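The values are calculated or read from the model by the stated rules, or taken from the named source; none is laboratory data. Fair warning: this is a prediction, and the values are worked out from it, not measured in the lab. Backbone-built Cβ (ideal geometry, glycine too); neighbour counts: all protein chains shown.
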Amino acid sequence: MSGAQSEIDIAVTRSQVSAAASASAERVLENVSKVIVGKADVVRLCLVAIIARGHVLLEDVPGVGKTVMVRALSRSLDCEFKRIQFTPDLLPSDVTGTSIFNQRSGDFEYREGPIFSQIVLADEINRTSPKTQAALLEALEERSVSFDGVTHELPSPFFVLATQNPIEYEGTFPLPEAQLDRFLLKLAIGYPSPEDELEVLLRGTTGVRVDDLQPVARPEDLIAWQTEAAQVHIDPSLYAYMVEIVQKTRRHAKVYLGVSPRGGLALARAAQAVAFLSQRTYILPDDVKMLCKHVLAHRMMLHPEARFQGVTPHDVIDDILRDTAVPVGVAGK
């Protein structure tokens, strides 16, 4: 068999494996839709973040289904789930864990905190002190917790969905830029349409509840999806396209602080996950354009005068996308 033929056979086999894996991931979305009505795009983006080994910041008003969505995802993936309710008096050790004296052994033993779970809901993260918020930094980025000079690895897979209320600011502590940069995506669920809200009411009395959902995948499957997604091909022209977009956020007249290199890496990883869920082994320019606002907007700081004029990071990204040439003839591999 020639080398060229061997490469073709390998590519075909990989494409078949990737298609089967992404079809399995689609079953997770279908399962979640049994309890979440009309928010398929948001649920898909959350799964994109999990597959891209990232985390999500969900900013929305109470009562729109944030907790239900993340619980439905954890049950569908058969992952261990824990919820941390952030309050002003929450201590870092309440999140990461602490040492407990064992009277039998006469030694202090480390007791893991609730961050040691595969899927964690960090509810109202902006209501806790900056010291406790900072305790999450290492966990989000390094996927480990250091305590008393010892590093403790977090479970795999590991995903944090943090929520914050955009309306009430009294008694809150806005997340610093360093911590915002740790979240792959920033999303909002939004209120349902009248038709969807009617369906929510009907399901609330007769429909499937979160606790009734059955797993349709395993944590091992999710780890395999993450591996498959990381192998999705990115054409060099698309790397250049993403770099140009990120660079323009730093040069834009209305931007005080542009997107960091971490933001460019996040955009590439998220685009690979989107392509994987679409059963493709390569990304397209549309994948990048669709993700830009979700991945980049929360990593930018605008000049005060721009904010006073009502300009938003989304407006800036729209300007940049209009001003950036889209690669043509991008081929898969």
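Miscellaneous remarks
- For the range 13-58, the tally of residues that are farther than 18 Å from residue 204 by Cβ, of a type in the set (D, E, K, R) and at pLDDT below 90 stands at 2.
- The condition (being outside the structural domain of residue 325 (by TED's automatic domain parsing) and farther than 17 Å from residue 186 by Cα) is satisfied by just one residue among 245, 283, 223: 223.
- Single unsatisfied condition, residue 189 versus (1) under 25 Å from residue 59 (Cβ atoms); (2) outside the structural domain of residue 28 (by TED's automatic domain parsing); (3) in contact with a helix residue (DSSP H, G or I) (Cβ under 6 Å, 6 or more places away or on another chain): (2)
- Scan of the range 137-151 for residues that are surrounded by fewer than 20 Cβ atoms within 10 Å (Cβ to Cβ) and under 18 Å from residue 122 (Cβ atoms), ordered by number: 137, 138, 141, 142, 143, 144
- Qualifying positions in the range 182-200 - closer than 24 Å to residue 74 by Cα and assigned to a loop (DSSP other than H, G, I, E, B): 182, 183, 184, 188, 189, 190, 191, 192
- Residue match in the range 160-173 (condition: assigned to a helix (DSSP H, G or I), in contact with a Pro (Cβ under 9 Å, 6 or more places away or on another chain) and in contact (Cβ under 8 Å) with a residue 60 or more places away in the chain): no
- For residue 319: the one exception among (1) under 28 Å from residue 189 (Cβ atoms); (2) in contact with a Leu (Cβ under 8 Å, 6 or more places away or on another chain): (2)
- Number of the exception - residue 134 against (1) under 30 Å from residue 292 (Cβ atoms); (2) surrounded by 17 or more Cβ atoms within 10 Å (Cβ to Cβ); (3) not polar (S, T, N, Q): (2)
- Of all the listed residues (325, 271), the sole one being closer than 20 Å to residue 241 by Cα, small (Gly, Ala, Ser) and buried (at least 16 other Cβ atoms within 10 Å of the Cβ) is 271.
- Unmet criterion (only one of (1) β-branched (Val, Ile, Thr); (2) under 29 Å from residue 92 (Cα atoms); (3) surrounded by 12 or more Cβ atoms within 10 Å (Cβ to Cβ)) for residue 167: (3)
- Among the conditions (1) part of a loop (DSSP other than H, G, I, E, B); (2) under 18 Å from the mean Cα position of the chain (by Cα), the only one that residue 61 does not satisfy is (2).
- Test set (1) part of a loop (DSSP other than H, G, I, E, B); (2) touching a Lys or Arg at 6+ places or on another chain (Cβ under 7 Å) - residue 214 fails condition number: (2)
- Scoring residue 203 on the criteria (1) touching an Asp or Glu at 6+ places or on another chain (Cβ under 7 Å); (2) of a type in the set (D, E, K, R); (3) not in a strand (DSSP E or B) leaves a single failure, condition (1).
- Any hit, the range 250-258, residues being in the same structural domain as residue 133 (by TED's automatic domain parsing), touching a Gly at 6+ places or on another chain (Cβ under 9 Å), assigned to a loop (DSSP other than H, G, I, E, B) and surrounded by 13 or more Cβ atoms within 10 Å (Cβ to Cβ): no
- Qualifying residue in the range 82-97 (condition: assigned to a strand (DSSP E or B) and crowded, with 17+ Cβ neighbours inside 10 Å): yes
- Every condition in (1) of a type outside the set (A, V, I, L, M); (2) touching a helix residue (DSSP H, G or I) at 6+ places or on another chain (Cβ under 6 Å); (3) free of Cβ contacts under 8 Å to residues at least 12 places away in the same chain holds for residue 293 except the one numbered (3).
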